[in-house]
Every structure is written in structure tokens, then in C-alpha cells.
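Notes follow the structure.
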């Protein structure tokens, strides 16, 4: 402060109360803020946590898709469903569930192949969260799996969706849940094996190409989405293999709604037995 005896006016956005407001807004939409003072960010975060625990922040359901056969993981998946395959002595499903934030208080678990083993292992409650099971008996794709969950979802509420067989971190999930509509992406050198996202300057989805020969970007669609029941208005056409892809429905929805592409902090797909060793090495390095 320059000058003695002068009145110093602090801008409203530098106050802890303003950072409390930002903390709330940040949970649901994009906001542009001035560079924060550290003490105000900490106090604003403290106030938001107090607000969240008061019950005024809506809880959210998570849908975990865990019905696949895991053919590339054989022979491990001949007797064990892929979500129960262990990495570092912990199942892939546990790795995911333990990283969900407290506001996710209920999980809808879509099972299929060896689904009874998942039910036996997880039960009706797991890590303090209620578990509801939905069974996918036909191999009709991940949009079909999501469609089976529709009766368990509330109108005008967002829900998050995850695949049970990829490793992701807590920060990526929290970043996804900060938006009303979002999808996780990751920058990789060659994304041709994945859905590829094309975004605008604000990182909103413009287009998703499914396994393109000549990708228009290096943003691969990975693990994690936040959607609402409007997604069911954008049913995809069946692929040549007869499956209905969720990425196509998101592509259709993005033409009329802003869906944020969130660049993940960590993501590792566990597709083959060889990937397990690599994943264990990565997790050991992250702990160190």
C-alpha cells in the first residue's frame, strides 16, 4: 500500500466470501477468476466444504460399466471378470470406487459376464456407498448399457459414468464433476485406437470420431463422463458390429449442448495381462 492515511479499497473479488461463491460456482460451470491470494483460496475452500457437508450440495450417482468379457485379458478372465482383475493386489473396480468423491453416494453397477462374482465380491454396499445392479445380457454396446440404467436416474440431475477397466486418479474425477456436462480426454501421440475429440477454443466438444484412420486431433476420449438424462434423446445408430456407442450419442448431444472436454491428470488403460505389470510400476512411481 502506498501512502499513509489514504483509504485503500480492496476489490470485492479478493475477499474470502467471494472465493466461497467461486468455490460453489466452480462445481457446476466454468468461471474465469483473477489470480487468487492463497489465504483467500484456502478459506474459500474451507467455507465450501462446510457448505457441502450441510447437505445443500446435491449428491450424485455414478454408473460403472463392468459387463464386458475382457477377451484381450485372457487367460486371466476365463474365470474372473475383468473388473476384479487385480493391479498391485487390488481389483480394478476397487481402484476406481475408492477414488470417487464423497458427493458420489450411490453406484449403479452394470454387470454381465461373470456378473455373479462381482455381486458376491461387492455386495449391496461398498466403501460406504449403496450399490444397485443392472444386468446387460446382450452385447449391444456401452450406450445400451447406459440405457438400461435410465429407470434408476432422476430427471434434471447429472450423473457420472466410468469404465471399470481403466485406472484414473482422484483429481481427474474431481475435475470432471466440476462441470454439468463433461467428458475426459487425454493427449496421446497416436489416438487412432480410440474415440477422438475435436473441441472449440473453450474446450467444448464439437465432434467425436470413433477410431478414425486420420485423426483431426490428439485428444483421445478416455474414462469418465458427466451427463444427464437428455443423453437418451440422442440415441446413436448401430455400428456395423451391431453395438450402440456412447461416444456417438455424446457427439450428437454436443451439437446442441456445451460438453466440456476435461484433460485428465492420469489415465492408464489396462487391456492385456502385460498392461498389469506396467500399471503396477506406474502406481509405485506415483506413490514415491
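What the table shows:
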| read-out | value |
| --- | --- |
| Residues of the range 229-247 satisfying the condition of being part of a loop (DSSP other than H, G, I, E, B) and at negative phi | 234, 235, 236, 237, 238, 239, 240, 241, 243, 244, 245 |
| Scan of the range 206-219 for residues that are over 14 Å from residue 248 (Cα atoms) and in contact (Cβ under 8 Å) with a residue 12 or more places away in the chain, ordered by number | 213, 215, 216, 217, 218, 219 |
| Answer residue from the range 250-279, given it is part of a helix (DSSP H, G or I) and surrounded by 15 or more Cβ atoms within 10 Å (Cβ to Cβ) and is nearest to the chain's Cα centre (by Cα) among those | 250 |
| Residue within the range 105-118 that is part of a strand (DSSP E or B), surrounded by fewer than 19 Cβ atoms within 10 Å (Cβ to Cβ), touching a residue at least 40 places away in the same chain (Cβ under 8 Å) and touching a strand residue (DSSP E or B) at 6+ places or on another chain (Cβ under 9 Å) present | yes |
| The one condition in (1) surrounded by 15 or more Cβ atoms within 10 Å (Cβ to Cβ); (2) in contact with a strand residue (DSSP E or B) (Cβ under 6 Å, 6 or more places away or on another chain) that residue 152 fails to fulfil | (1) |
| Flag for residue 285 being modelled with pLDDT under 95 and over 27 Å from residue 78 (Cβ atoms) | yes |
| Residues within the range 64-74 that are within 16 Å of residue 274 (Cα to Cα) and either modelled with pLDDT of 90 or more or part of a strand (DSSP E or B) (or both), tallied | 1 |
| Verdict on residue 89 being surrounded by fewer than 19 Cβ atoms within 10 Å (Cβ to Cβ), at positive phi, at pLDDT below 95 and touching a strand residue (DSSP E or B) at 6+ places or on another chain (Cβ under 8 Å) | no |
| Residue match in the range 77-87 (condition: within 25 Å of residue 210 (Cα to Cα) and part of a strand (DSSP E or B)) | no |
| Enumerated strands (runs of 3 or more DSSP E) restricted to the range 156-228, each holding at least 2 residues that are crowded, with 23+ Cβ neighbours inside 10 Å | 159-163, 182-187, 195-199, 205-210, 219-227 |
| From the options 140, 127, 146, residue that is on the phi > 0 side of the Ramachandran plot and modelled with pLDDT of 90 or more | 127 |
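The values are calculated or read from the model by the stated rules, or taken from the named source; none is laboratory data. No experiment lies behind these values; they were computed from the predicted model shown. Glycine also receives a Cβ, built like all others from the backbone with ideal geometry; neighbour counts cover every protein chain displayed.
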